[in-house]
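Quick notes on the structure that follows.
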Amino acid sequence: DVSVGGDVLITVSGNSEVDSVYLAGSGVGSNVKGNSTLLIDGNNTRIGHIYGAAFNSEVEGIAKIAFGSDFNGTFDTPYEAIDELEALNGSNVTITITDTEAAQGLTLSGAGNFNADIRLTSGTLTVNGEVSATTLSLTGTAGLVMAQNGVLTTTTSQLFTNALNAEGTNKDAGALNENGQHIDFVAGSIAFNDEFYNEFYSNSAAGLVGS
């Protein structure tokens, strides 16, 4: 069994087809002492499964999947024991985040963009990059944490009891709805993509999220 003392970078590019990727190695006890990153460079790669830990081996730092600047599409490869997904500048990654992916805590980061269908009843998702929530459902013990570099784009209907109407004329956001109550607005920022809005509503919403 061999352990790696520093960081590891694995790159999958071109028209590669890989059955499985093991970020901590595929031998018993073959730990990575630093960080281990899988870089998916482009849309034409095919990976069967990605493991951040397996065979009693683990990444002692951060187990990360990164998407290269040419990645523009859907990422639906199953993965486990992954700490972070990073969209590099220029990438546009469509993903679904459920309890399975967020069970041990998952961070979305980078200068690229995630289009995310987020449906959690447990686990913690940390937003530390650009994330557009196409769907947002947070219930049970689920938590979403806004980190320093996080920008979450969503609609007012997904955070507040009083969503903006079609004309964008109502002035009061009401209160945080169930989704909003599961979000820790400790840092970062929230952006709304409703078609119309007004300053009164903007101020009301800002007061609810602590902006």
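Just so you know, in the range 40-61 the residues that are of a type outside the set (S, T, N, Q), farther than 20 Å from residue 100 by Cα and crowded, with 18+ Cβ neighbours inside 10 Å include one that is modelled with the lowest pLDDT, and it is 42. The set of residues from the range 147-202 being closer than 19 Å to residue 123 by Cβ, of a type in the set (A, V, I, L, M) and part of a loop (DSSP other than H, G, I, E, B) comprises 147, 186.
Residues in the range 32-69 that are more than 20 Å from the chain's Cα centre (by Cα) and among the hydroxyl-bearing types (Ser, Thr, Tyr): 45, 57.
The residue list 8, 18 contains one member that is of a type in the set (A, V, I, L, M, F, W, C), over 26 Å from residue 143 (Cβ atoms), without any contact (Cβ under 8 Å) to a residue 60 or more places away in the chain and touching a Lys or Arg at 6+ places or on another chain (Cβ under 9 Å), which is 18. Does residue 127 qualify as being within 22 Å of the chain's Cα centre (by Cα) and either modelled with pLDDT under 95 or part of a loop (DSSP other than H, G, I, E, B) (or both)? No. Any residue that is over 20 Å from residue 98 (Cβ atoms), buried (at least 21 other Cβ atoms within 10 Å of the Cβ) and in contact with a strand residue (DSSP E or B) (Cβ under 8 Å, 6 or more places away or on another chain) - is there at least one of those in the range 193-201? For the range 193-201, residues over 20 Å from residue 98 (Cβ atoms), buried (at least 21 other Cβ atoms within 10 Å of the Cβ) and in contact with a strand residue (DSSP E or B) (Cβ under 8 Å, 6 or more places away or on another chain): absent. Does residue 30 satisfy being of a type in the set (S, T, N, Q), open to solvent by 70 Å² or more (accessible area, probe 1.4 Å) and farther than 30 Å from residue 151 by Cα? No; evaluated as a whole, the condition is false for this residue. Checked against the criterion of being open to solvent by 80 Å² or more (accessible area, probe 1.4 Å) and modelled with pLDDT of 95 or more, the range 150-159 has no qualifying residue.
Each residue in the range 109-133 was checked for being among the hydrophobic types (A, V, I, L, M, F, W, C), open to solvent by less than 20 Å² (accessible area, probe 1.4 Å) and touching a residue at least 24 places away in the same chain (Cβ under 8 Å), and 6 pass. Annotation: residue 74 fulfils all but one of (1) within 12 Å of residue 8 (Cβ to Cβ); (2) open to solvent by 20 Å² or more (accessible area, probe 1.4 Å); the unmet one is (1). Working carefully through the options 124, 161, 155, find the one that is over 19 Å from residue 205 (Cα atoms) and of a type in the set (Ser, Thr, Tyr). Criteria check complete, one pass: 124.
The values are calculated or read from the model by the stated rules, or taken from the named source; none is laboratory data. Note that the structure is predicted; figures quoted are calculated from it, not measured. Counting neighbours? That spans all protein chains shown, and the Cβs are built from the backbone with ideal geometry, glycine included. Just so you know, the surface numbers come from the protein's heavy atoms only, side chains and all, with ligands and any DNA or RNA stripped out. Shrake-Rupley method; radii C 1.70, N 1.55, O 1.52, S 1.80 Å.
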